[in-house]
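The values are calculated or read from the model by the stated rules, or taken from the named source; none is laboratory data. All of these numbers come straight from a predicted model, not from anything done at the bench. Note: ideal-geometry Cβ built from the backbone for every residue, glycine included; neighbour counts use all protein chains shown.
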Amino acid sequence: MRKKLPFRPSLVTLVALGTMMAGTHTTVQADSPDPRVTFAQDDDAGALTVQIDGQEAFVYQYGDEVDLTHIWPLRSPSGKNMLVQQTQPFPHHRSLWFADTVRLEGGERGRFYDAYHTGQAGKPPFRDRIRHDRFTAVEPGDEGGYREKLVWVMAHEIPVLDEQRDVRIVPLGNGEYLLDMVFTLTASYGDVDFVSDAVHYAWPYLRINEKFHGDNGGTITNDRGQTGQAETNMEPAKWVDYSNTVDGTTEGVAVFQWPDGQTRRWLTREYGTFGPRRPDAQSGRPFTIPRDGTLSQRVGILVHRGDVETGRVGERYEAYIGS
């Protein structure tokens with residue numbers, strides 16, 4: 001029986017602006033006869049494909065052979081893949097991913113952010129990895145979503161953190177959509193020190209592919225009107241957008257930071273990487289989550305037509321946080 005996801009934001013204003021699954025390959029049916037959001041799960045391939053109005057929107061990669069769970073591809077409204085799954089000279093980058101460097105009760109560092117470098121010649125299995133445990137809820141419908149449990153494990157399957165990941169998919173029409181994502185880490189196995197610097201952790205990160213990124217004409221813009229890496233990198237912002245015109249069609253992807261009353265800076269790169277930092281007090285300096293304590297991050301991922309202006313990114317951010 002499918003279980004309802006606990007958070008279900010009402011995004012009617014935003015739209016106006018614009019089960020557990022068994023078996024190795026399952027299509028999850030919704031209660032409504034024509035759901036807009038549907039899922040196909042292939043455990044053999046380790047892939048959960050999400051379709052909106054019958055078209056692939058994105059695929060969540062979670063198989064045992066995957067070094068780091070991630071979303072790839074992420075489709076633009078016209079169907080183009082906007083992200084790169086792996087690249088040089090940063091082979092640990094994974095499209096749309098969430099990871100960090102941590103230490104369990106003063107032990108050895110768990111290098112989950114750059115786990116690629118803890119493997120054999122860059123091939124899984126890696127010493128440190130974020131392992132998909134199971135989907136605990138999958139919900140098709142006019143809005144869809146899934147909930148997943150993951151475990152951050154080191155060598156010899158030593159668990160370091162439990163993670164719950166909630167993803168709500170909201171169709172906006174005309175191929176546009178929004179992902180409302182909540183990442184919740186729990187220190188189930190002891191005190192956990194976060195020891196990453198201000199740059200090398202994904203909270204989350206996106207890695208835009210070469211057709212869309214700034215080195216090929218893409219534009220980075222934040223809510224303060226600053227543009228480009230030089231003006232936006234490590235600057236405080238509520239959201240950052242990355243847009244470009246590819247094959248005559250202008251499209252983009254924006255990341256919204258859910259407001260928590262704290263200043264958030266952003267890493268931005270013309271070569272395609274961008275994402276929010278933790279609050280200043282927890283970024284670039286060590287801090288500890290006590291045993292059974294939690295740490296969470298909520299973001300919106302808006303996939304839109306047009307650039308930051310014609311895609312009404314600012315208006316849609318206000319609708320998102322007002323939901």
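Summary table
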quantity: Evaluation of A115 against (1) out of contact with any Asp or Glu (no Cβ under 8 Å at 6 or more places or on another chain); (2) within 26 Å of V199 (Cα to Cα); (3) surrounded by 23 or more Cβ atoms within 10 Å (Cβ to Cβ) (one fails), failing number; calculated: (1)
quantity: Residue under evaluation V255, criteria (1) at pLDDT below 95; (2) under 18 Å from T232 (Cα atoms), criterion not met; calculated: (1)
quantity: Test result for E270, within 30 Å of N174 (Cβ to Cβ) and within 20 Å of the chain's Cα centre (by Cα); calculated: yes
quantity: Matching residues in region 118-152 - criterion: being buried (at least 21 other Cβ atoms within 10 Å of the Cβ) and β-branched (V, I, T); calculated: I130, V138
quantity: Scan of region 165-181 for residues that are crowded, with 18+ Cβ neighbours inside 10 Å and not charged (D, E, K, R), ordered by number; calculated: V167, I169, V170, P171, L172, G175, Y177, L178, L179, M181
quantity: Residues that are outside any strand (DSSP E or B) and surrounded by 21 or more Cβ atoms within 10 Å (Cβ to Cβ), drawn from region 219-236; calculated: T232
quantity: Among (1) under 30 Å from D34 (Cβ atoms); (2) modelled with pLDDT under 95; (3) among the β-branched types (V, I, T), the one test that T136 misses; calculated: (2)
quantity: Residues of region 96-110 satisfying the condition of being in contact with an Asp or Glu (Cβ under 8 Å, 6 or more places away or on another chain) and modelled with pLDDT under 90; calculated: G106
quantity: So V253, is it within 20 Å of H200 (Cα to Cα), aliphatic (A, V, I, L, M) and assigned to a strand (DSSP E or B); calculated: no
quantity: Failed condition for G145, given (1) part of a strand (DSSP E or B); (2) over 19 Å from A47 (Cβ atoms); calculated: (2)
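Yes/no per residue for (1) over 19 Å from A198 (Cα atoms); (2) at pLDDT below 95:
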{"site": "G218", "(1), (2)": "yes, no"}
{"site": "T221", "(1), (2)": "yes, no"}
{"site": "Q229", "(1), (2)": "no, no"}
{"site": "E235", "(1), (2)": "no, no"}
{"site": "W239", "(1), (2)": "no, no"}
{"site": "E251", "(1), (2)": "yes, no"}
{"site": "T263", "(1), (2)": "no, yes"}
{"site": "T268", "(1), (2)": "no, no"}
